[in-house]
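Report on one structure; see the data block that follows.
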Amino acid sequence: MALSKSNKGALAEYRVACLLLATGWLVFRCMAPNSAVDMILWRRNHLLKCQVKSASGLGAATAGNPKHLRQGRNDVLAVVTPDNIIFKVRNRQIQKQFPGAILARPPKKK
């Protein structure tokens, strides 16, 4: 039996929360089902907003779209694939808190 879309999202959020808790972050999940922010992260006087997106192997490129970072003014975008978790962050200061994170590009000016 396949998981529903909401269950896949909840499982992805749980995977991200477990990883962040193991690396010393305090994690607070949003209780609203359709919020622009999935989690609030706290560590060493750093308060960050995190959005989690789940993706199949093929969908990882579009799930990591920086527009998801800008919606809700999130600081961290966690893209969960079956094999790993990729973090995309808003700026270099936040990137220092997430080793291996990718710096998200700002939108192109027209």
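The values are calculated or read from the model by the stated rules, or taken from the named source; none is laboratory data. This one's a predicted model, so the numbers in the text were calculated from it and none came from an experiment. Cβ: placed from backbone, ideal geometry, glycine included. Neighbour counts: every protein chain shown. Remember, those area values only see protein heavy atoms, side chains included, never the ligands or the DNA or RNA. Shrake-Rupley method; radii C 1.70, N 1.55, O 1.52, S 1.80 Å.
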Would you tally the residues in the stretch 16-59 being open to solvent by 80 Å² or more (accessible area, probe 1.4 Å) and either at pLDDT 95 or above or in contact with a Ser or Thr (Cβ under 9 Å, 6 or more places away or on another chain) (or both)? 7
When the residues of the stretch 3-12 are narrowed to those that are surrounded by 13 or more Cβ atoms within 10 Å (Cβ to Cβ) and either modelled with pLDDT of 95 or more or among the small types (G, A, S) (or both), which ends up nearest to F98 (Cα to Cα)? A12
